[in-house]
Amino acid sequence: MHPPKKTPPPFLAWRLFAAATTLLLSLPNRGAAAQLLPPWQKQLNAEVKEIESATERDLANPAEWMSQAPAHRIELLEMLGLDPLPERSPLNAVIVDKLDHPQFTVEKIHFQSRPGLYVTGNLYVPKERKKPLPAILYVCGHSQMKSGEISFGNKTGYQHHPAWYAMNGFVAFVIDTIQLGEIEGLHHGTHHLNMWWWNARGYTPAGVETWNGMRALDYLQSRPEVDPERLGVAGRSGGGAYSWYIAAVDERIKAAVPAAGITDLRNHIVDGVVDGHCDCMFLVNSKRWDFRKVAALVAPRALLITNTDKDPIFPLDGVQRVHHGTAQIYKSLNAAGKLGLLIAEGPHKDTQELQTAEFRWFKRFLADDPDYQALPASKLFQPADLRVFKTIPADQKTTSTHEWFVPKAETLGFPTSSKAWKGEAAQWVEKIRKTSFAAWPASEAPAKFQLLKTKTLGEETLAQFLVQTDSHSFEPGDTALIIHGQTTQAAELVHALSSNSPVKTNASVSLSIRIMDEFSFPAAVAEETGALEHSRSEILVLLAPRGFSGAGERGLTAAPWASSPKESTRIRRRFMLTGATLDSSRVFDIQRSLNKLTEVAPNAKITLKANGPQAVNALYASLFTPRVQRLEIESMPASHEAAEAPDYLGILRIVDIPQALEIARTQMEVVSKP
């Protein structure tokens with residue numbers, strides 16, 4: 001039999017490029033170059049510090065942490081898109097064929113973790129057994145094993161791991177992932193496919209892989225060859241990440257060895273490591289966790305953290321910080337002997353040193369053989385021989401998992417009339433706030449305005465401000481505001497805003513507040529006539545939330561944070577890891593700025609205007625600003641599932657844009673134009 005043609009070079013090239021990019025991107029973020037960081041990076045770095053401090057506080061009392069572990073697991077499940085857990089429907093497991101080896105058999109199996117969600121795997125069963133054996137679930141990392149258009153599944157690239165277990169007294173089940181399995185789904189929705197609605201749905205492929213692993217444990221426990229009380233999980237790279245999640249949420253796991261599968265938020269956000277990873281590595285971090293909390297949920301069970309010292313996408317310093325924080329938990333629980341750290345020399349690679357440490361750990365904690373000396377593993381089969389499906393099932397839903405795995409809010413649960421919406425509006429607004437805008441600062445401190453310049457144009461005054469909406473902002477690149485209006489009215493408002501004290505204008509003015517974006521803001525700062533047109537009876541307020549402006553010696557400038565779609569992706573993925581999104585932060589900027597305007601001009605009549613994606617941000621900001629009398633929106637995306645629509649974490653599990661509009665109509669006049 002001829003070995004199949006392999007086509008890993010493009011994939012390998014991508015991984016090498018990603019690793020190199022990660023190293024380059026991390027260089028400006030260290031030491032004396034920190035002052036050169038762009039505004040978005042400074043803001044995110046400050047968020048990381050806050051999350052680190054909160055993590056330290058939460059883990060400072062291990063006994064309290066453990067007493068609340070069930071609640072923490074529910075939080076983790078929610079961030080994986082698994083709360084509530086899906087129904088444990090029949091697995092419908094099928095053994096398609098068997099391969100024979102002198103020491104074990106390999107069963108080629110498929111099961112359905114949910115109806116139509118097929119999972120392919122190979123079960124390695126030792127021939128010599130006198131009683132039920134411990135079992136290892138091996139979950140795979142990114143290993144593309146294909147011949148032409150036929151995928152053999154990444155289980156074939158990691159076959160040496162389960163083969164070793166079967167030759168050393170374990171049952172081992174290695175399963176494919178949805179990205180690189182025999183049925184190829186997606187892991188890269190926000191990475192480069194512009195599927196930002198994954199965030200809005202609260203979907204991550206990490207949740208699917210975790211669920212598939214949990215159902216694989218169900219299958220292992222159904223086998224008579226397996227001791228159901230001695231289960232372990234292992235995996236490397238992506239599989240290392242799934243090992244963490246599976247062990248954290250499923251206490252049936254008694255020992256775990258995640259290899260190169262975890263680092264902390266500082267590495268991902270501050271050092272730029274996130275750029276080298278697909279979406280399958282991450283939870284939707286709505287609860288603002290650092291990854292040490294995931295590790296802490298494994299305690300006090302046997303846990304060996306392994307990594308190499310030159311891994312660019314799981315840097316050594318971050319791995320050591322995760323271990324240090326986890327060690328404090330284990331020590332306080334008198335379980336220090338159940339936590340290990342193994343650092344081998346080398347790059348991001350499945351080295352023999354990592355393999356033998358993994359094997360020895362499971363021999364020690366699942367087979368009661370602490371002195372066992374493990375030998376390296378070898379691949380014994382051609383990938384094609386381990387393939388499960390000859391023909392992909394017609395009823396498979398694996399390739400569309402991202403479209404249905406995490407359900408949207410049921411439309412049947414929404415009010416059916418304007419009167420009903422009005423009666424429930426406050427409850428819906430609170431639910432939206434707690435779900436999708438939970439990362440907003442708890443403090444209700446008013447926004448602060450820094451006057452950059454003011455000038456008189458005939459009978460009109462024009463003023464430019466930088467706006468500090470939270471403690472992390474107040475520099476070029478943050479929220480910007482331009483006021484233009486008749487001097488007799490505008491000058492009083494400019495004075496009230498720039499004083500940053502309880503100064504108010506009692507004039508009954510009309511404020512026409514327009515939300516700017518990367519297309520409209522350049523004309524505004526250039527003071528083009530069309531951009532500044534407004535009725536003489538109103539004051540024009542041009543508000544640009546974060547990400548569209550800069551500032552120089554002559555005042556505001558048009559300086560978008562993102563110079564390209566790729567740069568925009570880098571920024572937006574980092575925001576998600578802080579428990580927010582760029583656009584949910586813009587909603588906050590608009591809301592805080594509106595609150596300040598209504599504070600200093602309590603008698604003003606306020607009209608809020610926006611178009612395109614910023615119309616969505618204006619809509620949601622208006623829900624939290626009762627003083628807005630009129631909302632005018634134009635060309636607004638019809639759903640958060642639209643490619644151009646803003647994404648707020650988990651919003652589609654609560655409402656979509658049409659329902660947000662209905663809520664707004666209970667509070668103000670709404671004019672919506674296509």
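The single condition among (1) buried (at least 21 other Cβ atoms within 10 Å of the Cβ); (2) at pLDDT below 95 that K130 does not satisfy is (1).
Inclusion of L452 among residues that are under 30 Å from L180 (Cβ atoms), open to solvent by 50 Å² or more (accessible area, probe 1.4 Å) and either part of a loop (DSSP other than H, G, I, E, B) or not aromatic (F, W, Y) (or both) is not warranted.
Mind checking whether some residue in the stretch 233-254 is of a type in the set (S, T, N, Q), farther than 19 Å from L354 by Cα and over 14 Å from the mean Cα position of the chain (by Cα)? So far as the stretch 233-254 goes, no, none of its residues is of a type in the set (S, T, N, Q), farther than 19 Å from L354 by Cα and over 14 Å from the mean Cα position of the chain (by Cα). Annotation note: Cβ proximity below 8 Å between a residue of the stretch 549-565 that is over 17 Å from L37 (Cα atoms) and a residue that is of a type in the set (D, E) and crowded, with 16+ Cβ neighbours inside 10 Å (sequence gap 6+ or interchain) occurs for A558/E518.
Here V249 meets each of (1) open to solvent by 10 Å² or more (accessible area, probe 1.4 Å); (2) within 22 Å of T190 (Cα to Cα) with one exception, condition (2). Filtering the stretch 178-189 to residues that are open to solvent by less than 10 Å² (accessible area, probe 1.4 Å) and in contact with a helix residue (DSSP H, G or I) (Cβ under 6 Å, 6 or more places away or on another chain) leaves I178, L180, G185, H187, G189.
Taking the stretch 519-530 as the region of interest, how many residues are open to solvent by 20 Å² or more (accessible area, probe 1.4 Å) and either closer than 22 Å to W561 by Cβ or of a type in the set (S, T, Y) (or both)?
Of the residues in the stretch 519-530, the ones open to solvent by 20 Å² or more (accessible area, probe 1.4 Å) are 519-520, 522-523, 525-530.
Right, trim to either closer than 22 Å to W561 by Cβ or of a type in the set (S, T, Y) (or both) and you get 519-520, 522-523, 525-526, 529.
Result for the stretch 519-530: 7.
So, in the stretch 193-224, of the ones that are under 25 Å from E567 (Cβ atoms) and touching a Pro at 6+ places or on another chain (Cβ under 9 Å), which residue ends up most open to solvent (accessible area, probe 1.4 Å)? Going through the qualifying residues, I end up with N194.
From the set of residues in the stretch 343-372 that are of a type in the set (S, T, N, Q) and within 30 Å of the chain's Cα centre (by Cα), which is surrounded by the fewest Cβ atoms within 10 Å (Cβ to Cβ)?
By that ranking, first place goes to T351.
Which residue is surrounded by the most Cβ atoms within 10 Å (Cβ to Cβ), if the candidates are limited to the stretch 464-486 and must be modelled with pLDDT of 85 or more and small (G, A, S)? The residue in question is A480.
Cβ-Cβ contacts under 8 Å between residues 6 or more apart (or on different chains), taken from a first residue in the stretch 657-673 that is in contact (Cβ under 8 Å) with a residue 12 or more places away in the chain to a second residue that is open to solvent by less than 20 Å² (accessible area, probe 1.4 Å) and of a type in the set (S, T, N, Q), are listed as A664/S622; Q667/S622; M668/S622. Restricted to the stretch 605-640, and to residues there that are over 24 Å from L493 (Cβ atoms) and small (G, A, S), the residue that is nearest to the chain's Cα centre (by Cα) is S639. Of the residues contained in the stretch 388-404, none is found to be within 24 Å of A206 (Cα to Cα), open to solvent by less than 50 Å² (accessible area, probe 1.4 Å), assigned to a loop (DSSP other than H, G, I, E, B) and touching a helix residue (DSSP H, G or I) at 6+ places or on another chain (Cβ under 8 Å).
Being touching a helix residue (DSSP H, G or I) at 6+ places or on another chain (Cβ under 8 Å), among the acidic types (D, E) and either surrounded by 24 or more Cβ atoms within 10 Å (Cβ to Cβ) or within 28 Å of T156 (Cα to Cα) (or both) is true for just one of D227, D279. Which residue is that?
Values: D227 fails: touching a helix residue (DSSP H, G or I) at 6+ places or on another chain (Cβ under 8 Å).
Residue meeting the stated conditions: D279.
Within the stretch 618-659, the set of residues being hydrophobic (A, V, I, L, M, F, W, C) and part of a loop (DSSP other than H, G, I, E, B) comprises F624, M636, A638, A642, A643, A645, L649, I654, V655. Pairs meeting the criteria (first residue in the stretch 297-313 and farther than 11 Å from A327 by Cα, second residue open to solvent by 30 Å² or more (accessible area, probe 1.4 Å) and at pLDDT below 95, beta carbons under 6 Å, at least 6 apart or on different chains) are P312/L23.
Checking each residue in the stretch 286-342 for being surrounded by fewer than 20 Cβ atoms within 10 Å (Cβ to Cβ), of a type in the set (G, A, S) and in a loop (DSSP other than H, G, I, E, B) picks out only A335.
The values are calculated or read from the model by the stated rules, or taken from the named source; none is laboratory data. Note that this is a predicted model, so its numbers are computed, not measured. Every residue, glycine among them, receives a Cβ derived from its backbone with ideal geometry; neighbour counts consider all protein chains shown. These area figures cover heavy atoms from the full protein model, side chains too; ligands, DNA and RNA do not enter into them. Shrake-Rupley method; radii C 1.70, N 1.55, O 1.52, S 1.80 Å.
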